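Accompanying notes for the structure given below.
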Amino acid sequence: MDRGNGAPEQQTFRRFKTGESMWDWPDLSQKIFQADRSYKCPTYVHRTPPCQGSCPSGHDIRGWLAIARGQDKPPVAGMPWQEYAFQRMMEANPFPSVMGRVCPAPCEDGCNRNEVDDYVGINGVEQYVGDWAIEHGLKAPAPGPDTGKKVAVIGGGPGGLSAAYFLRRSGHAVTLFEANDQLGGMMRYGIPGYRTPRDKLAAEIGRIVDLGIEVRLKTKVGLDVSIEDLEAGFDAIFWAIGAQKGRGLPVPGWGAENCLSGVEFLDAFNRGWVFSTAKRIVVIGGGDTSIDVASVARRLGHITQHAWHDISGAPTLGHTAHDVAGTIRREGVQAVLTSLFPLDQMTAAIREREDALREGIDIRGGVMPLEIVVDAAGRATAIKMCQCTMKGTTPIPVAGTELEVACDMVISAIGQMADLAEGLERLDGGKNAIAIDAVYKVKGTDKHFAGGDVVRPNLLTTAIGHARIASETITYFLAGCPQDKRPKVDVHRFDLPEELHARGLDPQPYDHGPVRGTCDGEFALHNYEDRSATQVIPHTALFKGHFPYSPRNKRSERHVDADAVMGDFEERIVAFTEAQAKAEGERCMSCGLCFECDACLIFCPQKAIDRVPKKERAIGRYVTTDYKKCVGCHICQDVCPTGYIQMGLGE
């Protein structure tokens, strides 16, 4: 399928090719066929879509895309669809506006629509809804009934703030401890403002704090407050202190005065302490952090002439480039970014790599550092490197390819680790990380839990997912019912009983008397099975021939050329319009759940399938089967685009 600007190729997908049959002779005994009949009948089986299974925060992506396309109507008359989608998003992730911008979207990589034409623009819809919610002043769902329990959350980054949000929603009193003077963690101190606009970040943080969370800023646990104090004053403790220390290069010469980590560089910039950088910098990395470092350096530029009020000790010292660009003379920075992996295998997002190249960053793939060249004054003047090949994650140097890259600063962006010194040593489970069990409880402790980068450095949205799961296990723990395992597919799943309840369609009470069959009973969810906790539906289970070619709506970008990048700190992404967001919702294939296409009803030769009466319909309850008419021919399963219909034993 052509994904470029040319005309698309003709769709050729068919479930069966000429000469093939699903009734292979060795498998015939499993089909339970008797002449033209089978004892199998359709069962409506809900499974998790791969977008959601790939989402570290466990978003109900299919659910809010169904709202965007207008299939799932708000349960309250007059509610805008954006508000309803926002409510659905907030069940798993309280940062839709921020994550819609910075998440590298593993959900889009896993999208089954990739097998038809191109993935659904999930991030774009998330950003649109998140921004709409901010513009219209939407609040977070109200806290639940007070449980009388108190939980301490350590760390005000994405993991800590999300844990505080979910715990407060469960009715617990939450106190959030943050060592910095502002909340946000890596969203504020690790990512530049042109990627996470500070007004959007402040709005989403404020929405969480407004739930009644006590915040203690400039309070470092381990120094200002001891672990023993927390244990004495709280019923549970969640650690989300992140990975604040950057990893240095494991080569001779590292440690020179002008060598620093990417975490240090971005932290200083985002605090407003840096408004110029060196003339020639080399960034070692290959991930998104290294791109951010090089991009910030290019935007800052190099100061060659100071105004009197910009010198050390002046009142304006500490202002960022946003404020002082007009009072100093700047020159462009020569930024070289190197990666062990070739360009097309770098871990940084493709869009970020392309932007970096456009902005004049020299990216060199397949290169490994060998040594920092240091002068007599102890400053790095160059970095010795060579070409390499990769054997797994181990670089293999290529002999005879050594070279030196002259530089005035070397920045290592090869990874991060937690800082578990100064009173937190007892939490170190090895390798500067907290060791947890299957339910996010800190190993060897009574009431400590942890998540996010302090467990294992990963994505921001991974920290949010850890917080959601850990908050739920903490609630079980506080109720005296501790868990020892979690579902195989641990996401915020669609819940049919909850959907029916929201629309006043609850099943009737069951009197627990003996009954043979439930066809006529109003107390059961007929021919429905929920396998979403154990199964992710693959594209092979879908009838993809139902879906025509539909080009993806792409967010526009404000591209910055190399000669204009210096001093440009404006956001680059242009958000979806409402029409684009709805169009992407329409492209969703609703994998694993009915999206009301009528295919089964139209193709059933026995007229055994009919729509549920309109007043009784809900998502997942659109059609029903009359088993007295059904002959088990499997046609409904074959033509089901979403894979929702499976054949099961029946009478």
Note to self: Need a quick list: strands (runs of 3 or more DSSP E) entirely within the stretch 327-432 having at least 2 residues that are modelled with pLDDT under 90 and outside the structural domain of Gly451 (by TED's automatic domain parsing).
What the structure shows: 329-331
Notebook entry, point to check: What is the one condition in (1) more than 26 Å from Gly53 (Cα to Cα); (2) in a helix (DSSP H, G or I) that Asp511 does not satisfy?
Noted result: (2)
Note to self: With the structure loaded, tell me whether Glu570 is among the acidic types (Asp, Glu), surrounded by 14 or more Cβ atoms within 10 Å (Cβ to Cβ) and touching a residue at least 60 places away in the same chain (Cβ under 8 Å) or whether it fails that test.
What the structure shows: no
Next item on the list: Answer yes or no: is there a residue in the stretch 171-186 that is crowded, with 23+ Cβ neighbours inside 10 Å, in contact with a helix residue (DSSP H, G or I) (Cβ under 7 Å, 6 or more places away or on another chain), free of Cβ contacts under 8 Å to residues at least 40 places away in the same chain and not in a helix (DSSP H, G or I).
Entry: yes
Next item on the list: Can you confirm whether the stretch 150-169 contains a residue that is within 24 Å of Gln52 (Cβ to Cβ) and either assigned to a loop (DSSP other than H, G, I, E, B) or in contact with a Cys (Cβ under 8 Å, 6 or more places away or on another chain) (or both)?
Entry: yes
Item checked: Scan of the stretch 106-138 for residues that are under 21 Å from Arg572 (Cβ atoms) and either out of contact with any helix residue (DSSP H, G or I) (no Cβ under 8 Å at 6 or more places or on another chain) or part of a loop (DSSP other than H, G, I, E, B) (or both), ordered by number -> Tyr119, Gly121, Glu135
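Before we move on, is Glu425 without any contact (Cβ under 8 Å) to a residue 12 or more places away in the chain and within 25 Å of Gly185 (Cα to Cα)?
Details: without any contact (Cβ under 8 Å) to a residue 12 or more places away in the chain: yes; within 25 Å of Gly185 (Cα to Cα): yes.
Spelling it out, Glu425 is indeed without any contact (Cβ under 8 Å) to a residue 12 or more places away in the chain and within 25 Å of Gly185 (Cα to Cα).
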Item checked: From Leu525, Leu500, residue being assigned by TED's automatic domain parsing to the domain that holds Met90, in contact with a strand residue (DSSP E or B) (Cβ under 7 Å, 6 or more places away or on another chain) and more than 30 Å from Lys245 (Cα to Cα) -> Leu500
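Among Ile350, Ile383, Ile361, which is closer than 18 Å to Pro250 by Cβ and either surrounded by fewer than 17 Cβ atoms within 10 Å (Cβ to Cβ) or in contact (Cβ under 8 Å) with a residue 60 or more places away in the chain (or both)?
Numbers: Ile350 fails: closer than 18 Å to Pro250 by Cβ; Ile361 fails: closer than 18 Å to Pro250 by Cβ.
None of the others qualify; the one that does is Ile383.
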Notebook entry, point to check: Out of Gly222, Gly246, which single residue is farther than 16 Å from Ile414 by Cα and either of a type outside the set (Asp, Glu) or modelled with pLDDT under 95 (or both)?
Noted result: Gly222
Item checked: Scope the stretch 476-503; condition part of a loop (DSSP other than H, G, I, E, B) and either at pLDDT below 90 or among the acidic types (Asp, Glu) (or both); matching residues -> Asp484, Asp490, Arg493, Asp495, Arg503
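Being touching a residue at least 60 places away in the same chain (Cβ under 8 Å), under 30 Å from Gln637 (Cα atoms) and of a type outside the set (A, V, I, L, M) narrows it down to one of Gly53, Gly124, so name that one. Talk me through it step by step, then tell me what you get.
Working: Gly124 fails: under 30 Å from Gln637 (Cα atoms).
One residue alone meets the criteria, Gly53.
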Next item on the list: Report the residue count in the stretch 583-603 for those that are within 21 Å of the chain's Cα centre (by Cα) and among the charged types (D, E, K, R).
Entry: 2
Item checked: Number of the exception - Ser412 against (1) within 30 Å of Arg379 (Cα to Cα); (2) surrounded by fewer than 23 Cβ atoms within 10 Å (Cβ to Cβ) -> (2)
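Would you point out the residue of the stretch 624-637, among those that are under 25 Å from Pro50 (Cα atoms) and over 33 Å from the mean Cα position of the chain (by Cα), that is modelled with the lowest pLDDT?
At the first step, the residues of the stretch 624-637 found to be under 25 Å from Pro50 (Cα atoms) are 634-637.
Right, trim to over 33 Å from the mean Cα position of the chain (by Cα) and you get 634-636.
On the way: His634: 88, Ile635: 91, Cys636: 93.
The selected residue is His634.
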Checklist line | Residue within the stretch 80-102 that is at pLDDT below 95 and of a type outside the set (Lys, Arg) present | finding: yes
Margin query: If Val274 meets every condition in (1) at pLDDT below 90; (2) over 29 Å from Cys103 (Cβ atoms) apart from one, which number is that one?
Written below: (2)
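Would you check which residues across the stretch 518-554 are assigned to a loop (DSSP other than H, G, I, E, B) and without any contact (Cβ under 8 Å) to a residue 24 or more places away in the chain and list them?
Filtering the stretch 518-554 down to residues assigned to a loop (DSSP other than H, G, I, E, B) leaves 518-527, 531-535, 537-538, 542-543, 547-554.
If the condition is that a residue be assigned to a loop (DSSP other than H, G, I, E, B) and without any contact (Cβ under 8 Å) to a residue 24 or more places away in the chain, then Thr518, Asp520, Gly521, Glu522, Phe523, Ala524 are the ones that fit.
Criterion first (under 22 Å from Ile537 (Cα atoms), at pLDDT 95 or above, among the aliphatic types (A, V, I, L, M) and in a loop (DSSP other than H, G, I, E, B)) does Ala66 satisfy it?
Details: under 22 Å from Ile537 (Cα atoms): yes; at pLDDT 95 or above: yes; among the aliphatic types (A, V, I, L, M): yes; in a loop (DSSP other than H, G, I, E, B): no.
Here the answer is no, as Ala66 does not meet what is asked.
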Next item on the list: Confirm whether Cys630 is touching a residue at least 12 places away in the same chain (Cβ under 8 Å) and within 23 Å of Pro507 (Cβ to Cβ).
Entry: yes
Check: Mind checking which residues of the stretch 262-303 are in contact with a Ser or Thr (Cβ under 6 Å, 6 or more places away or on another chain), of a type in the set (Gly, Ala, Ser) and surrounded by fewer than 24 Cβ atoms within 10 Å (Cβ to Cβ)?
Finding: Gly272, Gly287
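The values are calculated or read from the model by the stated rules, or taken from the named source; none is laboratory data. What you are looking at is a predicted structure, and each value in this text was computed from that prediction instead of being measured. Here the Cβ is made from the backbone with ideal geometry for all residues, glycine too, and neighbour counts use every protein chain on show.
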